[in-house]
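Read the structure below first, then the notes.
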Amino acid sequence: MSQEPNDNQGAESEIVQLRFDRLQRLKDEGSDPFAQTRFDRTHHTSQIVSDVEQLDGQEVRIAGRIKSRRGQGKIAFADLYDPTGKLQLIAQIDRVGEEKMAQWKALELGDILGVTGVVGKSRSGEPSLFVTDWSLLSVSIQPLPDKYHGLQDVELRYRQRYADLLANEDVVEVFKKRSMIVREMRRILDGRGFMEVETPMMQSIPGGAAARPFITHHNALDIPLFLRIAPELYLKRLVVGGLERVYEINRNFRNEGIDTTHNPEFTMMECYQAFADYYDMMDLTEGMIRDIAQVVNGTTMIQLGEREIDLGKPWKRATMQELVHEKIGVYLTGHALIEAFEKHIEENLIEPTFVLDFPVENSPLAKRKTDDARFTYRFEVFIGGSEIGNAFSELNDPVDQAERFAQQARQKAKGDAEAQAYDDDYIRALQYGLAPCGGLGIGIDRLVMLLTNNPSIREVILFPLLRPERSGVNSSAVSEQSYDIEKRALTLKWQGGGVYEYRGVAPELYIRFLQSESKGAFANEQIKGHFSERRVA
């Protein structure tokens, strides 16, 4: 069967064409693998490996993908992988017959099989399945990535995550841990009496955070809508309505830049607890992250690059003003304090640290401190130089909230795209009475980065946002480069894919880049996804 090349892939490679031809032969012979609708398996591979003594001599049925094979003649071996692990298959001509043996030898790496066989051990003592029959359930047209080198091209890994998962078992483990993290977070919150809810992802007024929203349009109602930047205002409406403990694990969308800690589409957990304050949220945050680490990794010790951090020790608590004064010797307030914190303090907060009492200027939803109205009952928690969570003693005074919304609206009118809009309905909700309330948001993606020792958010999101492939970077070749040592900015011209600037690249890394055998490969592995990036041409 001849397969026409598509625009993205160009001409089909010889190996792909041979596999298309093989598929057509199977169909012509009445053995279309895609005609199969299901397969009943009795065991997974890990069960057979762990219980091989008890299962010895028993017939079982397993299913999975062939990733390696060896042997010729009257005996052949293959490794079958399923989500639990792998198992050696042994096909012998005296068990399956000549016709089946010939079919076995025609299998390709990547084919998916349903296999019937007898459990036993090979001569070397390896748990194995001695094949008696099998069904070809799906064929692999595209060749699997090289088993020894895996899939190394960083952008290709993100773009073709399916191939990445097939090639790199450590990537699979990251996403298994991600699932465990979310499941454990739910268990903790459910155990504390929180109720999981769902709030709108399309909103007529974007609110709950300082961010630029994505805009869409509802045709039937003929109104503009915004993808939510945060669920906060809706969740607090529910607390007003008497749901005293609520949480949502939610997708948020912010029309902002992409770097190692930001993806425009990301996952958050936000929870709100009536009759609590930000001290309660600190205790919840510290206990929850510590417990999740223990369950997921079996220890409260985490590896962060070359550093080890013990989440089991009490976490530091200090005000933003204290931390800045300790560093530069000056007491600041307002925007000056925020700028000094971001410049001098933030990236150096390696050990778990609660940074307390943010200025009111950048905390329009947090309650003012009773002893100093210039500051609010707000904290952010930092680990490894990155913000993991954000919490308030929630502002529940409708008059104060209305004034702050009005100030935000004035900023928006002056061109601040991230300022919050005035939300009349939320003010009306507060006028019904919001109990004293603690609120907390934790970035799931950053928490997964933390607990899996991954430096880039793209490594913990299955399908991070990328440019469309037709206009994407040709990630195999760098045609030009320049370096600004003062700004530590490396500019790369990708062959056929635009010009990008990467900020924060150390001179030593630039020298290694120049000395590398393949600048494209080095940039993909060591630069892309690891530094703040922007397109300049």
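The values are calculated or read from the model by the stated rules, or taken from the named source; none is laboratory data. Treat the numbers as computed from the prediction; the structure is a model and nothing was measured. Backbone-built Cβ (ideal geometry, glycine too); neighbour counts: all protein chains shown. Side chains are part of the model used for accessible areas, which takes the heavy atoms of the whole protein and leaves out ligands, DNA and RNA. Shrake-Rupley method; radii C 1.70, N 1.55, O 1.52, S 1.80 Å.
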message: I need the full set of residues from segment 91-141 which are more than 41 Å from the chain's Cα centre (by Cα) and among the polar types (S, T, N, Q), in order please.
response: Gln92, Thr132
field: Pair list, Cβ under 8 Å, 6 or more apart: segment 397-424 residue closer than 13 Å to Gly207 by Cα, other residue at pLDDT 90 or above and of a type in the set (Lys, Arg)
entry: Ala417/Arg212; Glu418/Arg212
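Per-residue answers, yes or no, for (1) modelled with pLDDT under 95; (2) in contact with a Ser or Thr (Cβ under 6 Å, 6 or more places away or on another chain); (3) open to solvent by 70 Å² or more (accessible area, probe 1.4 Å):
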| site | (1), (2), (3) |
| --- | --- |
| His217 | yes, no, yes |
| Asp222 | yes, no, yes |
| Leu227 | no, no, no |
| Leu233 | no, no, no |
| Gly242 | no, no, no |
| Gly257 | yes, no, no |
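Kindly check whether there is at least one residue in segment 182-193 that is under 22 Å from Arg428 (Cα atoms) and out of contact with any Ser or Thr (no Cβ under 9 Å at 6 or more places or on another chain). Walk me through how you get there before you give the answer.
Looking only at segment 182-193, we keep the residues that are under 22 Å from Arg428 (Cα atoms), and these are none.
Within segment 182-193, none of the residues are under 22 Å from Arg428 (Cα atoms) and out of contact with any Ser or Thr (no Cβ under 9 Å at 6 or more places or on another chain).
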Any helices (runs of 4 or more DSSP H) falling wholly within segment 371-484 and containing at least 3 residues that are touching an Asp or Glu at 6+ places or on another chain (Cβ under 9 Å): 398-413, 444-452
Wholly enclosed strands (runs of 3 or more DSSP E) of segment 253-334 bearing at least 2 residues touching a residue at least 12 places away in the same chain (Cβ under 8 Å) and in contact with a strand residue (DSSP E or B) (Cβ under 7 Å, 6 or more places away or on another chain): 265-274, 316-319
message: Quick check on segment 507-522. Is at least one of its residues within 26 Å of the chain's Cα centre (by Cα) and of a type in the set (Ser, Thr, Tyr)?
response: no
message: Being touching a Phe, Trp or Tyr at 6+ places or on another chain (Cβ under 9 Å) and either open to solvent by 40 Å² or more (accessible area, probe 1.4 Å) or closer than 28 Å to Lys343 by Cβ (or both) is true for just one of Phe275, Phe253, Phe266. Which residue is that?
response: Phe266
- request: Any chance you could count how many residues in segment 341-399 are open to solvent by less than 10 Å² (accessible area, probe 1.4 Å) and of a type in the set (Val, Ile, Thr)?
  value: 6
message: Every residue in segment 512-530 that is open to solvent by less than 40 Å² (accessible area, probe 1.4 Å), under 21 Å from Glu459 (Cα atoms) and in a loop (DSSP other than H, G, I, E, B), please.
response: Ile527, Lys528, Gly529
- request: Would you check if there is a residue in segment 137-147 being under 24 Å from His530 (Cβ atoms), touching a residue at least 40 places away in the same chain (Cβ under 8 Å), open to solvent by less than 50 Å² (accessible area, probe 1.4 Å) and not hydrophobic (A, V, I, L, M, F, W, C)?
  value: no
- prompt: Does segment 189-211 contain any residue that is touching a Pro at 6+ places or on another chain (Cβ under 8 Å), crowded, with 17+ Cβ neighbours inside 10 Å and outside any loop (DSSP other than H, G, I, E, B)?
  reply: no
